[in-house]
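A.B. asks: I have a structure I would like to understand better, so I am pasting it below and will then ask my questions one at a time.
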Amino acid sequence: MRKVVAPDYTVFEHVKRHAEAVKTAIREAIIPESVTCSYPKERRKMPASFRGYLIFDPDRCISCFGCAFICPANAIRMKEAEDGRYYPTIDYGKCIFCHFCLDSCPEGALKPTKIHDVAYRDLDRMLTLTEEMIEPPEIIREDKRYVEYVIDGRDLHLRRVDGEDELLVDLPPPSKVERIVSCIDPESCTGCRICEEVCEHGVIRSSVEEDGVRMVIDSERCTGCGLCVKECSMRVLRLVRR
Amino acid sequence: MGGLLEWKVRVPDKPMKDRLYFDGLKANVIDTGLCSRCLTCACICPVDGIRVVDDKVDFPDREERCRDCGACIRVCPRFDYRPKYGMGDYLEFTAARSKRFSGQDGGMVTEIMISAIEMGMIDRGLFVGRDERWRPQVFHLHDSSQLEVGTLSGTKYTFATVLKELKKAVLLTRNGVGVVGTPCIVSGVRKLQMEFPLFRDRVRLVIGLFCTENFHYDELMRFLEKKGIKPEMLIKTDITKGRFIATMVDGEVKFKVKELEEILPSGCSVCTDFTAVESDVSVGSVGSEPGFSTVVVRGKSAEEVIAYIREKGYAEFGEGDPGQLDFLIDYKVGRFYVKTKDDKD
């Protein structure tokens, strides 16, 4: 283990360091260099991976409930829409902005933005309905320039750039492992056919025959949403690589 | 992978045409008084709709929720009932007293379960505890520190919903599950294992208890209150030499077991299995000296656990006498014949 001790400066080094400190003090007194950004007149430029407010594309959503299941703060509730399908709503009063929902979405229906500053009049309005999530949340922008932090040598500097930072992030379509449902233990299947009922795409079908129930999975049409996997009471359905 | 994946689920014939399978189960088992309330059907029900209503197994909203899959009929040990009786096959008949745990007699149920967990054979055991009013509650036991609850060991003489918890335990387990239960529960587990490989692979240890009868909680408590026994004051219940002994904070109340026959559930009066012949190991009080548990080792897995207990010296072993069990085995078989004769008259 290395012991950290105070450096043993000579008198000459002491004088040199004090002179440097006095120089910095005089410089800051004449032209002060601030490292804080004057929000809202300027905004900090965030990376594309910033975890801000989410926007939602109902056309891509397959109602798999994956976002609602994974949400550690229980902020996502699925709500039945007029077309009979279920779409997420987010309670930003509970959301911890972990973006697990976005990462778990198999179809890329949830998209990130760099928006982090939305004000609400009361708690009830923080519950964002599906319709309100399609467009990015409305914010008033007064910023004329954005700032970037750069580390140059040993110091942190602030670089101001004129122009607006684009708050919407254009993500490439998710590169996902294609998964399909499979039955890992057909003998333990009770034949309750709940999987057939919940499947949106008619992938799982059953037919009642004389001495039992024949179950068929048509893997070609499976989107890998995993809804049947969650509902199977014997947990014999699994998602496997296509 | 791609294309079609096909499998077939074998389902038995419907006992009642154009009705739900559960209606058939109700007509053949529950309404005829054969039902032992083991709740194997509730364990397998995919919509979790089967429960106990007024001391009877029922599926109240079956018209709306039942999937009519027939699993309840496939696993019911009393549907197509073949009564078991006698001592059954065993590898070893012995008596033992645990040095680590105290129980009704020798604390051997707790000892076997904890040893199996320590060996890594199972990672959870289902135990029945009770609340302060002696209502049964099912516990998932992972290690011996949970035994500080203090109410897990000891006989309760009331029906518990062990099997309702079994599916949850089986789906959560990594190594395997251990179950303790009366002979009817043991038969239910074996039927589940016969029908569904999921249970065959994951239920590794089935401990059966010697059982003459079991009571419904409400009826037993009403009966005990008539005898002047308050459930809050009870410490221990036991049946020895034909007498029911209730030990309370302030003394004991004894009465003849025969008096309990008025509240004997019908499912118990048709049962002839005293020693849980289908278990991996049966444990009880009869057949050994006071303070010892009788241990009847039947299965390979139980044999390994007992060998482990011997090796570690966790229990003191004594002499067991199978002959002492004959009276109760015959008593249970005899009761069955009396009952069936009554039905014919």
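A.B. asks: Looking at A:Ala19, A:Ala73, which is the one that is closer than 22 Å to A:Met126 by Cα and modelled with pLDDT of 90 or more?
C.D. replies: Exactly one residue qualifies, and that residue is A:Ala73.
A.B. asks: With (1) closer than 24 Å to B:Cys211 by Cα; (2) more than 14 Å from every other protein chain (Cβ to nearest Cβ) as the list, and B:Gly120 as the residue in question, which single condition is left unmet?
C.D. replies: (1)
A.B. asks: Please give the number of the condition A:Val229 fails out of (1) in contact with a helix residue (DSSP H, G or I) (Cβ under 6 Å, 6 or more places away or on another chain); (2) surrounded by 14 or more Cβ atoms within 10 Å (Cβ to Cβ); (3) at negative phi.
C.D. replies: Unmet for A:Val229, out of (1) in contact with a helix residue (DSSP H, G or I) (Cβ under 6 Å, 6 or more places away or on another chain); (2) surrounded by 14 or more Cβ atoms within 10 Å (Cβ to Cβ); (3) at negative phi: (1).
A.B. asks: Which members of the range A:193-215 meet the condition of being facing chain B (nearest Cβ under 7 Å), at pLDDT below 90 and assigned to a loop (DSSP other than H, G, I, E, B)?
C.D. replies: A:Asp211
A.B. asks: Select, from A:Val118, A:Val150, A:Val177, A:Val181, the only residue that is touching a His at 6+ places or on another chain (Cβ under 9 Å) and either among the basic types (Lys, Arg) or outside any helix (DSSP H, G or I) (or both).
C.D. replies: Selected residue: A:Val150, the only one of A:Val118, A:Val150, A:Val177, A:Val181 that is touching a His at 6+ places or on another chain (Cβ under 9 Å) and either among the basic types (Lys, Arg) or outside any helix (DSSP H, G or I) (or both).
A.B. asks: Here's another thing I want to ask about it. Which residue pairs have Cβ atoms under 7 Å apart, sit 6 or more places apart or on different chains, and have a first residue in the range B:261-287 that is closer than 20 Å to B:Val206 by Cβ and a second that is part of a loop (DSSP other than H, G, I, E, B) and among the acidic types (Asp, Glu)?
C.D. replies: These pairs meet every condition: B:Cys268/B:Glu213; B:Ser285/B:Asp105; B:Gly287/B:Asp321.
A.B. asks: I need a count of the residues in the range B:142-179 that are within 18 Å of B:Gly107 (Cα to Cα) and either assigned to a loop (DSSP other than H, G, I, E, B) or modelled with pLDDT under 85 (or both).
C.D. replies: Looking only at that region, the number is 16.
A.B. asks: May I ask you to list the residues in the range B:199-216 that are crowded, with 23+ Cβ neighbours inside 10 Å and within 14 Å of chain A (Cβ to nearest Cβ)?
C.D. replies: Passing the criteria: B:Phe199, B:Val203.
A.B. asks: Of the conditions (1) over 17 Å from B:Leu192 (Cα atoms); (2) surrounded by 19 or more Cβ atoms within 10 Å (Cβ to Cβ); (3) in contact (Cβ under 8 Å) with a residue 24 or more places away in the chain, B:Pro77 fails just one. Which one is it?
C.D. replies: With respect to (1) over 17 Å from B:Leu192 (Cα atoms); (2) surrounded by 19 or more Cβ atoms within 10 Å (Cβ to Cβ); (3) in contact (Cβ under 8 Å) with a residue 24 or more places away in the chain, B:Pro77 is out only on (1).
A.B. asks: In the range A:216-242, what count of residues is obtained for those that are facing another protein chain (nearest Cβ under 7 Å) and either assigned to a strand (DSSP E or B) or of a type in the set (Phe, Trp, Tyr) (or both)?
C.D. replies: 4
A.B. asks: Any chance you could count how many residues in the range A:213-235 are farther than 12 Å from A:Ile194 by Cβ and in contact (Cβ under 8 Å) with a residue 12 or more places away in the chain?
C.D. replies: Of the residues in the range A:213-235, 11 are farther than 12 Å from A:Ile194 by Cβ and in contact (Cβ under 8 Å) with a residue 12 or more places away in the chain.
A.B. asks: If you don't mind, another one. I need the full set of residues from the range B:204-230 which are among the hydrophobic types (A, V, I, L, M, F, W, C) and over 15 Å from B:Ser36 (Cβ atoms), in order please.
C.D. replies: Of everything in the range B:204-230, those that are among the hydrophobic types (A, V, I, L, M, F, W, C) and over 15 Å from B:Ser36 (Cβ atoms) turn out to be B:Leu205, B:Val206, B:Ile207, B:Phe210, B:Leu220, B:Met221, B:Phe223, B:Leu224, B:Ile229.
A.B. asks: Could you grab me the full set of residues in the range B:297-320 that are aliphatic (A, V, I, L, M), part of a helix (DSSP H, G or I) and within 23 Å of B:Val286 (Cβ to Cβ)?
C.D. replies: B:Ala302, B:Val305, B:Ile306, B:Ile309
A.B. asks: May I pose another question? Looking at A:Ser63, A:Ser34, can you tell me which residue is closer than 30 Å to A:Leu156 by Cβ, small (Gly, Ala, Ser), at pLDDT below 90 and part of a loop (DSSP other than H, G, I, E, B)?
C.D. replies: A:Ser34
A.B. asks: Restricting the range A:137-189 to residues that are within 23 Å of the chain's Cα centre (by Cα) and within 14 Å of chain B (Cβ to nearest Cβ), which is modelled with the lowest pLDDT?
C.D. replies: A:Val177
The values are calculated or read from the model by the stated rules, or taken from the named source; none is laboratory data. None of these values were measured; they are calculated from a predicted model. Virtual Cβ from ideal backbone geometry, glycine too; neighbours counted across all protein chains shown.
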